[in-house]
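Notes follow once the structure below has been shown.
Derivation of every value follows stated rules applied to the coordinates shown; laboratory data play no part. Since we're looking at a predicted model, the values are computed, not measured. Counting neighbours? That spans all protein chains shown, and the Cβs are built from the backbone with ideal geometry, glycine included.
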Amino acid sequence: MSVTTKRQDLPLAQVAYQTLRELILNNEFKVGTQYLEKVLVERLNISRTPVREACVRLEREGLIEIQPRHGIRVKPISPDDMRDIYEILTALESQAIGTLASKGLSEQQLQRLEKATARMAESLQQDNLEAWAEADEEFHHTLLDLTDNQRLKDVVLQFWGQAHRVRFVTLHLRDTPHDSTKDHSEVVQAIRERDPIKAADIHREHRIKGGKAMVALLEKLRLANI
């Protein structure tokens, strides 16, 4: 079944973008590997123009490099790149969380966040790190949705996407994320209490700690590019 069969309601350029992005983030398209435009067209069963539009968008997001007459190359992420990415995510997400806590959320909105944290905890109990990672991503996406700030969401997701592949590849190399799950629950509680300083501080420390651990792991394993 082609990707167009599964996403008939979307423009072809959007279908191509989403599909290629998933292939890159889930490491099916390998870092440093070149993929000719012909290969992409055949893989997606989509014509050249939408594929080219998708590639331009992915290049803007820093995920690929377009090489004339040679297709695309998936860009690697270095420890220094990860350090920069986490600094940006720390600043933007912490500010967003403080704003959410200040304005307050409805019970229904809070329950969306609590549902994600519950899934994270349940996944760890089942020793299912892939499910934990999905719930973690759901939590962060929900936070961004609740800000009602599309520009902020676009910027954060751009850098989230760049970090995602590294997080995916190292998922089973890192310590079991019990502390991360606890941090998320405490952030939600601080938002519920409408304490913007506490909520932002908890998340800031969470991101700083996570960023340092990720960079240290890459350096320890001598993964200069991933």
Taking a cut-off of 20 Å between Cα atoms, list the lysines near residue 182, but don't count ones fewer than 8 places away on the same chain. 115, 198, 209, 212
Between 0 and 90°, nearest 10: helix 107-125 axis offset from the chain longest Cα axis: 80 degrees
How fast does the range 65-133 diffuse by Stokes-Einstein, in µm²/s, taking the Kirkwood radius from C-alpha pairs at 25 °C and 0.890 mPa s? 155 µm²/s
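As a test of the formula, what do you get for the chain when each DSSP H run with n ≥ 4 contributes -39,500 (n - 2.57) and the sum is divided by the residue count, at 222 nm and rounded to the nearest 500 deg cm²/dmol? Write out the running numbers ahead of the final one.
Values: 10 runs with 162 residues, N = 226.
Value at 222 nm, helices only: -24000 deg cm²/dmol.
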Residue 197-residue 174 FRET efficiency (beta carbon distance; Förster radius 30 Å; 0.05 resolution): 0.55
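Over all directions, the average projected area of the alpha-carbon convex hull for the chain comes to how many nm²?
Working: hull surface 51.7 nm².
Over every viewing direction, the Cα hull of the chain projects on average to 12.9 nm².
Relative to the compact-globule scaling 2.2 N^0.38 Å, provide the ratio for the alpha-carbon radius of gyration of the range 115-226.
On the way: Rg = 14.4 Å, N = 112, 2.2 N^0.38 = 13.2 Å.
So the Cα radius of gyration is 1.09 times the expected 2.2 N^0.38 Å.
With +1 assigned to the C-beta of every Lys and Arg and -1 to the C-beta of every Asp and Glu, and no other charges, what is the dipole magnitude of the chain about the Cα centre in debye, to the nearest 20? Could the numbers behind the result be given before it?
Working: 33 positive and 35 negative charges, 155 e Å.
In debye, rounded to 20, the chain gives about 740.
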Using Cβ counts within 10 Å as a stand-in for footprinting exposure, how do 41, 156 rank, fewest first? 41, 156
Only counting other Cβ atoms within 10 Å, I'd like 51, 31, 74 sorted with the fewest neighbours first. 31, 74, 51
Expressed as an acute angle from 0 to 90° and rounded to the nearest 10, what is the orientation of the C-alpha long axis of helix 79-103 relative to the principal long axis of the chain? 50 degrees
Could you pull the Rg and Dmax for the range 3-74, using just the Cα atoms, both in Å? 11.0, 33
Rounding to the nearest 10 and keeping the result within 0 to 90°, find how far the Cα-based axis of helix 196-220 lies from the longest principal axis of the chain. 50 degrees
For the chain, with +1 on Lys and Arg beta carbons and -1 on Asp and Glu, the positive-most of 14, 35, 108 along the dipole: 35
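Can you classify the range 123-166 as rounded, prolate or oblate using the Cα gyration tensor, where a ≥ b ≥ c are the square roots of its eigenvalues, rounded means a/c under 1.5, and otherwise it's prolate if a/b beats b/c and oblate if not?
Details: a/c = 5.89, a/b = 1.78, b/c = 3.30.
Oblate.
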